[in-house]
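Novice: The structure follows.
The values are calculated or read from the model by the stated rules, or taken from the named source; none is laboratory data. Just so you know, these numbers come straight off a predicted model, no measurement behind them. Note that we place each Cβ from the backbone using ideal geometry, even for glycine, and neighbour counts take in every protein chain shown. Quick note on the areas: whole protein, heavy atoms, side chains included, nothing else; ligands and nucleic acids left out. Shrake-Rupley method; radii C 1.70, N 1.55, O 1.52, S 1.80 Å.
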Amino acid sequence: MTEVKTSRSIFSTRNLLIGALTVNAIAIGLSEVQRRGLTMRTDSILAENLQRQTRTIDGYAERINTLNAEIRELRRTATDTQQAIGSLQTIVGVGLNLDRHELETRVIKRLNDGKQIVVQFDQNPSEAHDSKGNILCGPDAESGYLGVFIAGQRYSINYDAAARTWTGAGPSQNASYNSKTRMCGTNTLTYGPEKLGADISPNKGDLVLWGERLKLDGLDVLRSGHKVGSVIWLD
């Protein structure tokens, strides 16, 4: 009779458990490596996207700044056009056949009759602007070109012959900036002989605006002998 020997299996439960734990540990390790790699790739992609978006935003900002500059230039061009139209209206209103003396006589008569005239100062590159292209306003600005008066702006002037007083109104460069009107705040001041210290009259070709003595030459307004503006009125 043949003897059959039963051999003990080399795959015991303990060995199987250890093998399973080892495989799981290896799998976990591989998963962690994969997770870190994925995280690094994700961070890299996010960083690249952020840089791309930043460049795009910078590009938009540059375009906006360019557009703002173009808008400011268009506004200045529009202002120049309006001034040219205003001057043309003045010439047409008084007639093309009047010489400088006749024009000046009409201005003087209007003042003596107590009627308002309007002085518009010429545009000048010396006028102070801020970084945004707006007129510079405030106490520090009044020491610049034309003092408290602003190039390109209009000022009304009235003369009271009986009281010998001059009243002027318009934007003052030493006032605060008004964001709604995009201009310095307005002011109205009256000056007479007691403040001026002299009998200043339209009959002498004088104009007084806020205490400053200007001269009239036809429709031209002179300051220290130089043309700085013109007289405009509408009947």
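Novice: Beyond 18 Å, what percent of the Cα pairs of the stretch 147-207 remain?
Specialist: Here the tail beyond 18 Å accounts for 42 percent of pairs.
Novice: How big is D, in µm² s⁻¹, for the stretch 110-163 by Stokes-Einstein at 20 °C and 1.002 mPa s if Rh is the Kirkwood radius over C-alpha pairs?
Specialist: 166
Novice: Grab the beta carbon distance between Ser224 and Arg63, set R0 = 45 Å, and tell me the FRET efficiency rounded to 0.05.
Specialist: My answer for the efficiency is 0.50.
Novice: Lysine pairs in the stretch 114-235 with Cα distance under 24 Å, only those 8 or more apart or on different chains: how many are there?
Specialist: 10
Novice: Hey, another quick one. Given the alpha-carbon gyration tensor of the stretch 126-235, what are the semi-axes of its equivalent ellipsoid in whole angstrom, ordered largest first, with each equal to the square root of 5 times an eigenvalue?
Specialist: 26, 15, 13
Novice: Please work out the Cα convex hull volume for the stretch 138-177 and give it in Å³ per residue.
Specialist: Spelled out: Cα convex hull of the stretch 138-177, divided by residues, is 79 Å³.
Novice: Fully extended, how many nm does the chain gain between Gln123 and Glu212 (0.36 nm per residue separation, minus their Cα-Cα distance)? Don't jump to the answer; show the numbers that get you there.
Specialist: Details: separation 89, 0.36 × 89 = 32.04 nm, distance 1.93 nm.
The Gln123-Glu212 span can extend by a further 30.1 nm.
Novice: Starting from the 7 Å offset along Cα-to-Cβ, what nm value, one decimal, do you get for the label separation of Ala161 and Thr105?
Specialist: Once both label points are built, they end up 1.5 nm from each other.
Novice: With every protein chain present, what accessible area does Glu104 have (1.4 Å probe, heavy atoms only), rounded to the nearest 10 Å²?
Specialist: Using a 1.4 Å probe on the heavy atoms, I get roughly 40 Å².
Novice: Once amide H atoms are placed 1.01 Å from N in the peptide plane, what residues at a sequence separation of 5 or more from Trp210, or on another chain, have their amide H within under 5 Å of its amide H?
Specialist: Placed amide hydrogens put Gly168 under 5 Å from Trp210.
Novice: Pull out the extension gain between Ser176 and Thr188, defined as 0.36 nm times the separation in residues minus the alpha carbon to alpha carbon distance; nm, one decimal.
Specialist: 2.8 nm
Novice: Take Trp166, Trp210 and sort them by solvent-accessible surface of the protein heavy atoms, 1.4 Å probe, largest at the top. It would help to have the intermediate numbers written out before the result.
Specialist: Details: Trp166 5, Trp210 25 Å².
Of Trp166, Trp210, the descending order of accessible area is Trp210, Trp166.
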